[in-house]
Amino acid sequence: MVRSVISILDLSVEEINKLLDRADDIIANPAKYSEVCRGKKLATLFFEPSTRTRLSFEAAMYELGGHVLGFSDAGSSSATKGESVADTTKMVSCYADIIAMRHPKEGAPLVSSMHSSIPVINAGDGGHNHPTQTLTDLLTIRRKKGRLNNFTIGFCGDLKFGRTVHSLIQALSRYAGIKIVLISPDELKLPSYVKKDVLQKQGIEYVQTTDLEEVLPELDVLYMTRVQKERFLSEEEYIRLRDSYILTRAKLVKNAKEDLIVLHPLPRVNEISTDVDDDPRACYFEQALCGKYVRMSLIMELLGLNAD
Ligand code: NCD
């Protein structure tokens, strides 16, 4: 059976560390990798909007010397005619060597992988998982902090629907000495399945709070998130909650450690004021760049390719 990545837990810690090592090497020696995927095709099947994830997958494949085909809007695909994910996958398997799929339905990339003769990468499924964003986050933390253990990370915002949060918590729960601070309104707390199956099962130290400023001084990493408008059933509820947290430069200056790093998977709406962007602690645009390199590394891994 071909290897797919649907959840970050499909990769062992050793494999993740190896993928990050290679991403570092790609950053240092890009020319070495420029022909690795020559003749290979990546299909990007995006049934839900995306800017960074899709473009970074595409840029990744181009920088490896490969080609890209696909769609960025479910409306322009045969999904509108009622085609199933299974059938779309079987057909795309005839045209491409690897698939990156984003879908509003949780589990759709898993279904795709079960019908695929080529590797499938989950590029975000509903409010569930987003493993390649997690690789991006891990690479950014490791490059900035020099380690993936022994730090306190705060997750702030929409912890209920934020798939990037769920996947990063799963990943970090396998490293030592990680303390997690969950900062959200009561309505957007981390789902209990993540608390039970990940945090409690792995014995991870965590606290829940609604107050960002109170916990800010303790944090080594702050992971801000957007309130996930598209997952709300009521527009009114979204409007009530969307500005629950706004990180400003003044709050950072007053409360945060000098070596804090502020991450955000992006897109940002209001939750980080633009006056934070020039602060050396703001790392979210570098984080977006890291996304391209980890995706290059992952594509190579799943296609069984090496640069040497
Ligand atoms: C995230 C996503 O799609 O889950 N974006 C991304 O992939 N960089 C976060 C978000 O949309 O808020």
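When HIS103, HIS128 are arranged by Cβ crowding within 10 Å, least crowded first, meaning fewest neighbours, the order is HIS128, HIS103. Which residues does the label zone of LEU233 cover in the stretch 171-194, counting backbone N under 13 Å from a point 7 Å along Cα→Cβ? Under cut-off, by backbone N: nothing.
If packing is taken as the mean number of other Cβ atoms within 10 Å per residue, what is the order of 260-267, 214-221, 71-78, highest first? Show your work: numbers first, answer last.
Working: 260-267: 21.9, 214-221: 17.6, 71-78: 14.0.
Result, highest mean Cβ count within 10 Å first: 260-267, 214-221, 71-78.
Ranked for footprinting exposure by Cβ neighbours inside 10 Å, fewest first, THR248, THR134 give THR248, THR134.
For the stretch 227-263, which GluC sites (Glu not before Pro) are both in a DSSP coil and crowded by at most 13 other Cβ atoms within 10 Å?
GLU258
Excluding same-chain neighbours fewer than eight residues apart, the lysines reachable from LYS40 by a Cα-Cα span under 26 Å are LYS18, LYS32, LYS90, LYS292. The DSSP beta bridges internal to the chain are antiparallel in roughly 5% of cases.
Within the stretch 72-155, which chymotrypsin sites (Phe, Trp or Tyr not before Pro) sit in a loop by DSSP and count at most 12 neighbouring Cβ atoms inside 10 Å?
On the way: sites: TYR95, PHE151, PHE155; in loops: TYR95.
Listed in order of number, the matching sites are TYR95.
Taking 0.36 nm per residue of separation and subtracting the Cα-Cα distance, full extension of the segment from HIS67 to GLU15 would add 16.2 nm. Within a straight-line Cα-Cα reach of under 24 Å, LYS195 can be paired with the following lysines, leaving aside sequence neighbours fewer than 8 residues apart in one chain: LYS105, LYS160, LYS179, LYS229. Among the trypsin sites (Lys or Arg not before Pro) within the stretch 1-83, those in coil by DSSP and having at most 12 neighbouring Cβ atoms inside 10 Å are ARG38.
Counting only residues at least eight positions apart within a chain, or on another chain, the aspartates and glutamates with an alpha carbon under 20 Å from that of LYS81 are GLU48, ASP73.
Over the chain, dividing the summed -39,500 (n - 2.57) contributions of all DSSP H runs of at least 4 residues by the number of residues returns a 222 nm mean residue ellipticity of -10500 deg cm²/dmol.
Our summary gives the chain a relative contact order of 20 percent, counting only alpha carbon pairs under 8 angstrom and 6 or more residues apart.
Taken together, the values in this text are just the output of simple stated rules run on the coordinates, not laboratory data. All figures in this text were calculated on a predicted structure; none of them were measured in a lab. Note that each Cβ is placed from the backbone with ideal geometry, even for glycine, and that neighbours are counted across all protein chains shown.
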